[in-house]
Amino acid sequence: LALDPRKFNIFTSTTQLVGPKIFTKQNPDVVLIDLLNPQPDGLQVCRELRQFSQIPILIISIIGKSGMVEKALNAGADEYLVKPVPTNILVAYLNTFARRSRAEKIAVNAIIQAGAGNQISRTCTVSR
């Protein structure tokens, strides 16, 4: 994958480092999953992420069959791209998702800040 590390903070994992703890530490704006990763497979990673996060998930895969795209989207992916994906297109998708993710984080923080002085619950959910 040819992403410019000067424009992206990249955290890669080929293991089962999926869970709330790693996401709290890394705080990513977007998750990019190769569907054919070894255990756990990309669909399982997607389902696990959706148990605790609404972070944008972009799946890339060599499998272009509509049934697989449907499974990935139903597992929680926000978008599915079939390889080979031109780098400029991948970067455009990542930038789009990162903008949305950052905007949601800013909105949540603003709500928390506004509620900090009041007796409003500090827990909130942002949904799309």
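The values are calculated or read from the model by the stated rules, or taken from the named source; none is laboratory data. Keep in mind that this is a model prediction, so the values were computed, not measured. Don't worry about glycine lacking a Cβ; one is built from the backbone with ideal geometry, like all the others, and counts go over all protein chains shown. Ligands, DNA and RNA are stripped out before the accessible areas are found, and what is left, the full protein with its side chains, is counted by its heavy atoms. Shrake-Rupley method; radii C 1.70, N 1.55, O 1.52, S 1.80 Å.
Could you order T96, T87 so the one with the most accessible surface comes first? Probe is 1.4 Å.
T87, T96
Accessible surface of S101 in the full protein assembly, 1.4 angstrom probe, to the nearest 10 Å²?
Looks like 10 Å² after rounding.
Report the local net charge at G42: Lys and Arg +1, Asp and Glu -1, summed over other residues whose C-beta lies under 15 Å from its C-beta.
Neighbour charge sum, excluding G42 itself: -1.
Pull up all non-local amide H partners of D34: gap of 5 or more, or a different chain, and H-to-H distance under 5 Å with H placed in the peptide plane.
I60
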